[in-house]
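Here's the structure we're looking at; comments come further down.
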Amino acid sequence: MAALYSTRCCSYSSVRSSPPPQSYPYSPSPSKLGSPHCLTFTSSASKRFLAAKVSLKSQSDSQLNALHMQPQDAAAVANATPVKSDTPLQRLKDEILSVTSSKESEGSVNVDGDGNESTVSITVVGASGDLAKKKIFPALFALYYEDCLPKHFTIYGYARSKMTDAELRNMVSKTLTCRIDKRENCNVKMDEFLGRCFYHPGQYDSQENFAELDKKLKEHEVGRISNRLFYLSIPPNIFVDAVKCASTSASSANGWTRVIVEKPFGRDSESSAALTKSLKQYLTEDQIFRIDHYLGKELVENLSVLRFSNLIFEPLWSRQYIRNVQLIFSEDFGTEGRGGYFDHYGIIRDIMQNHLLQILALFAMETPVSLDAEDIRNEKVKVLRSMRPIQLEDVVIGQYKSHTKGNVKYPAYTDDKTVPKDSLTPTFAAAALFIDNARWDGVPFLMKAGKALHTKRAEIRVQFRHVPGNLYNRNFGTDLDRATNELVIRVQPDEAIYLKINNKVPGLGMKLDRSNLNLHYAARYSKEIPDAYERLLLDAIEGERRLFIRSDELDAAWSLFTPVLKELEETKINPEYYPYGSRGPVGAHYLAARYGVRWGDLAIEQ
């Protein structure tokens, strides 16, 4: 049986031995301020149809060898006269291999048309922060470990803290881990990676400090075509200063320059638009990569595969068969010292307006023309613009209070020393949203997100309609929800996709049971699931924007939530208090019941 698999991380290693004779796919253009350093990357790699980046894997030894040839064999094949084959399978294989070869050459950005090698310089701005230490550096190491980074790359940490290269490496080394299934050369790989990590101290608003960084980067680039990626792991109030300095003093002079921006992207429509306008003074839209790490989660990526490549689901994906959709996010811990940051935003801005709304848009979008980034993002924007304004009566907010369980006392939100004692900031929210289009008219999309709840989870629950005239209704009694088919996509933890169906219990009687058809990732796949930051960082290096947020997406998302957020804050509505470690406010259940829905995560899971 043939299988399709990605060859994405093999592109760099293949280029090292045999550079393809392709012209270098970028087109420099000056920035809007006239700086010669601010470049626009226009590689066709960012427009690629991702489904073409596959190889055909066959049980036939000859086919397998053709796919996994060594570089010297590949060169020989490239110079050989092609043999015409009349079989459909052979023609399909030839087409796929041909497309893969050209696409890999375009996306690898390791050589230009004259055979000059390029290099990628990754600067983590805010390198001494928790995000950099816990997520960014480990993700970069994982990419290096999997041979997904280019042959020539350099990583620079940049922050205000005084630190040497050795001190940075020591700090980073404490958070690096190796793949469970690939530990044989872990220490060697780790030492090699740390040898590519350097540090430069500086202020985020100092063009002089960024110019010094530029000199150090050039020392490592040693005349190669320089591509530069800046990851802004810093507070949003200094985004613009850092972007201005990086653009004017540390941009690439002959390659691409890209900037990854972490959320929050403002706190309402006005501040978000102002941030976008300020960033675009120094960068073009194609240079800005707004990261939402939830879009890099394995199960979120699998959402479109599940829907568009399985015939059994696509016909059911509409109001005719789906009764409601639930998007659930819960954490079993509180703010734990981060209350000062959280209190400025609250759970709606922190989770619902970005993570959950992005998942909703991916779930509900129409079939895109292709898997091209712009085609997918166009469809997501259509969904967001079709959504009905959120009404205050369709929103429930809560805040966790102190609770004693056993001999352990759990603190209230306002017990956090960084939180004002009279804070009304919600740590829980539930909302009913509606999409006013032909596919989803009348279907409630229920969101809820909260901290200090009874469990940690993120999942999508699709509850289908009841079977009309069900012959077995009497076997379920009055609880028709027991007879409802439900598709559950568990994003985290313990990733899984399962479908709840009704079946007969073996025996002489007619007793029905509800069972799961379960794809449990840990049981099905031995390979460790990559962290979301690994996928997103690799996409940014390759210029793939499919999982990043475009400015009009951001505008549409804020337009949906800004009115209700302002109404909540202006009317100073008191949140409903719920005990730490509970299932959340009772009001969330009343909200669901108003639309004939029962929260799916309240049932006991098998």
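The values are calculated or read from the model by the stated rules, or taken from the named source; none is laboratory data. Here the structure is a predicted model, which is why all the values come from computation and not from measurement. In this analysis, Cβ positions are derived from the backbone assuming ideal geometry, glycine residues included, and neighbour counts consider all displayed protein chains. Note: areas computed on protein heavy atoms with side chains; ligands, DNA, RNA excluded. Shrake-Rupley method; radii C 1.70, N 1.55, O 1.52, S 1.80 Å.
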Between Glu570 and Phe333, with labels modelled 7 Å along Cα→Cβ, what's the label distance in nm to one decimal, could you check?
3.8 nm
As an exercise, use a Förster radius of 56 Å and the Cβ-Cβ distance of Asp130 and Met510 to find the FRET efficiency, rounded to the nearest 0.05.
0.45
Quick note, the stretch 180-273: a/c under 1.5 would make it rounded; otherwise a/b > b/c is prolate and the rest oblate (a ≥ b ≥ c, C-alpha gyration tensor); here it is oblate
Net lengthening on full extension, Ser318/His344 (0.36 nm per residue, minus Cα-Cα)
5.6 nm
Förster radius 45 Å - calculated FRET efficiency between Asn503 and Asp205, Cβ distance, rounded to 0.05:
0.10
Label-to-label distance, nm, for residues given as Ala166 and Gln281 (7 Å Cα→Cβ offset):
4.2 nm
Between Lys421 and Asp147, how many nm apart are label points set 7 Å from Cα along the C-beta direction?
6.2 nm
Accessible area of Asp191 in the full protein assembly, 1.4 Å probe (Å², nearest 10)
110 Å²
Please work out the average accessible area per residue across the stretch 218-366, using the 1.4 Å probe convention, and give it in Å².
32 Å²
Candidates per GluC sites (Glu not before Pro) in the stretch 527-606, loop by DSSP, up to 15 other Cβ within 10 Å
Glu528, Glu605
The alpha-carbon center of the stretch 405-453 and that of the stretch 280-301 are separated, in whole Å, by 25 Å
Shape call for the stretch 516-606, from the Cα gyration tensor axes a ≥ b ≥ c (a/c under 1.5 means rounded, otherwise prolate when a/b beats b/c, else oblate), comes out oblate
Given a 1.4 Å probe and every protein chain left where it sits, what share in percent of the accessible area of the stretch 492-563 is carbon and sulfur?
57 percent
Nearest 20 debye, what's the magnitude of the dipole of the stretch 193-281 about its Cα centre given +1 on Lys and Arg Cβ and -1 on Asp and Glu Cβ?
320 debye
Say the cut-off is 24 Å between C-alpha atoms; which of Lys280/Lys448; Lys456/Lys504; Lys189/Lys244; Lys409/Lys456; Lys448/Lys504 go over it?
Lys280/Lys448; Lys456/Lys504; Lys189/Lys244; Lys448/Lys504
